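Written below as structure tokens is the structure these notes are about.
Computed from the coordinates by the stated procedures, all read-outs in this text should not be read as laboratory data. None of the values given here were measured: they were computed from a predicted structure. Quick reminder, even Gly has a Cβ in these numbers, built from the backbone with ideal geometry, and neighbours come from all protein chains shown.
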Amino acid sequence: MSARPLHHHLDAQDALATLSAHVRLIARVQRAYEKFLPPELTKVSRVINVKQGVVVVSASSGAVAHRLKQLLPSARIALQESAGEVTEVRVKVQAFDPPRVPAPVVARPVSEQARRGLQAGLSSLQADSALRQAIEHLIERAKKV
């Protein structure tokens, strides 16, 4: 038996075929939505449902929802052109965690004088002390000025 794409299996059963078609519709509307809106808004909002011509969009905050509502008339027209029958676009505030970019680690320089002072202070701390380990780690990571 040759390998078949997943959508062939999903379309084989009536209930799964309906679900598969709905998912494809939401994905098509999401792509049209992303083409129309500025990237700043597509990162903090997304299409969550399409039902009977009503597109429901989730916004991550009230401010984003307000901005989206300002764009709704032209968004509806753009979605109609690319996704078919869209009679209404609704915005709901539903907090979600968009992908986060970790903050870059910045090496903080420590002067030679400060480094000597830290090392002198280490002698008064116990060898297994958490504070001593943290200071040693700081000294190792810090750049020299």
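Some points to look at:
- The mean sequence separation of alpha-carbon pairs under 8 Å and at least six residues apart, normalised by the residue count of the chain, gives a relative contact order of 18 percent.
- Residue-averaged 222 nm ellipticity for the chain, from DSSP H runs of 4+ at -39500 (n - 2.57), nearest 500: -17500 deg cm²/dmol
- Between the amide H of Val93 and those of Ala59, distances stay under 5 Å, these residues lying 5 or more places away or on another chain, with hydrogens modeled in the peptide plane.
- Note on the chain: antiparallel DSSP beta bridges, both residues inside, total approximately 45 percent of the bridges counted.
- Around the Cα centre of the chain, unit charges on the Cβ atoms of Lys, Arg, Asp and Glu (plus for the first two, minus for the last two) sum to a dipole of about 400 debye.
- Put simply, the Cα atoms of the chain extend 74, 52, 23 Å along their principal axes, the longest span coming first.
- Length-normalised contact order for segment 7-93 - Cα pairs under 8 Å, 6+ apart - percent: 28
- Taking the convex hull of the alpha carbon positions in segment 7-93 and averaging its projected area over all directions gives 5.8 nm².
- Sum of side-chain charges, Val86 neighbourhood, beta-carbon under 13 Å (Lys, Arg +1; Asp, Glu -1): +1
- For segment 44-115, the normalised intensity computed at q = 0.21 Å⁻¹ comes to -0.90 (log10 of I(q)/I(0), Debye sum over alpha carbons, equal scatterers, no solvent).
- Nonlocal amide H pairs with Ile48, under 5 Å, H built at 1.01 Å: Val56, Val57, Ser58
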